[in-house]
Amino acid sequence: MRQIKYIVLHCTAGAQTQTNESIKAYWRSLGWKTVGYHHIIDKDGAVSDLLPIEYPSNGVKGFNSVSINICYKGGVDLKTGKPLDNRTDLQKAAMKALVIKYKKMFPATIVQGHRDFSPDKNRDGVIQPGEWMKACPSFSVKEWLQQEGI
């Protein structure tokens with residue numbers, strides 16, 4: 001088993017109705033040989049397992065070998081194209097269950113969003129919105145973990 005340091009939460013930044021096949025086709029169009037996430041969560045809370053956690057996925061460049069990547073379908077306002085936390089309650093529950101499962105398996109892991117891997121350009125110790133490489137997962141993972149008691 002590989003060493004896991006991070007559980008990374010993502011959004012697809014697309015419609016909640018995206019199919020797994022359309023998401024995989026997008027990755028193939030980028031030339032990826034491996035999927036982007038270990039799990040994708042549909043709007044009804046159904047979890048699709050795309051890759052066993054024993055193998056790295058393409059979730060966060062430079063951190064894939066030490067991460068488990070979990071994604072929900074959505075994360076964008078389709079009218080404006082702006083980031084939006086539009087997770088359904090069922091998606092939140094499924095995400096919470098996966099985080100708890102993996103925290104039990106790997107207690108020392110850090111749970112954070114994709115955007116939290118952005119560089120701290122002003123070196124103030126806080127990665128602020130202006131420093132994000134992307135908004136994914138369109139919510140504050142730190143605040144959500146606190147709200148959920150994780």
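The values are calculated or read from the model by the stated rules, or taken from the named source; none is laboratory data. Please read all numbers here as calculations on a predicted model, not as lab measurements. Positions of Cβ are generated from backbone atoms using ideal geometry, with glycine treated the same way; all protein chains shown enter the neighbour counts. In case anyone asks, the SASA skips ligands and DNA or RNA and just uses the protein heavy atoms, side chains included. Shrake-Rupley method; radii C 1.70, N 1.55, O 1.52, S 1.80 Å.
Determine the equivalent ellipsoid of the stretch 47-108 by diagonalising the alpha-carbon gyration tensor, then write out the semi-axes as square roots of 5 times the eigenvalues, largest first, rounded to whole Å. Don't jump to the answer; show the numbers that get you there.
Numbers: eigenvalues 114, 51, 20 Å².
In descending order, the three semi-axes are 24, 16, 10 Å.
Quote to one decimal, in nm, the extra length available between D85 and K33 on full extension: 0.36 nm per residue of separation minus the C-alpha distance between them.
15.8 nm
Run the accessible area of the chain with a 1.4 Å probe and give the carbon-and-sulfur part as a rounded percent.
It is 53 percent, rounded to a whole number.
Check cross-link reach from K142 to the aspartates and glutamates: straight Cα distance under 12 Å, and skip same-chain residues fewer than eight apart.
In chain and number order, the partners are D116.
Number of Lys-Lys pairs in the stretch 8-110 under 23 Å by Cα, sequence gap 8 or more or different chains?
Eligible lysine pairs with Cα atoms under 23 Å apart amount to 28.
Among the DSSP beta bridges whose two residues both lie in the chain, what percent are antiparallel, rounded to the nearest 5? Please list the in-between numbers first.
Values: 4 of 17 bridges.
Once the DSSP bridges in the chain are tallied, antiparallel ones form about 25 percent.
Evaluate E = 1/(1 + (r/R0)^6) for E148 and A25, where r is the Cβ-Cβ distance and R0 equals 35 Å; express this FRET efficiency to the nearest 0.05.
0.60
Among residues other than Q91 whose Cβ falls under 11 Å from its Cβ, what is the net charge (Lys/Arg +1, Asp/Glu -1)?
Values: positive: K43, K73, R87, K92, K96; negative: D42, D44, D85, D89.
Surrounding charge for Q91 is +1.
Kirkwood Rh, Cα Rg: Rg to Rh for the stretch 1-97?
Rg/Rh for the stretch 1-97 comes to 0.96.
Pairs of Cα atoms under 8 Å, at least six residues apart: use those to get the relative contact order of the chain, whole percent.
29
Put +1 on the Cβ of each Lys and Arg and -1 on the Cβ of each Asp and Glu in the chain; which of Y26, A135, Q112 then has its Cα farthest toward the positive end of the dipole?
Y26
Can you tally the net charge around S67? Count Lys and Arg as +1, Asp and Glu as -1, for every other residue whose Cβ sits under 10 Å from the Cβ of S67.
On the way: positive: R2, K5; negative: none.
Result for the neighbourhood of S67: +2.
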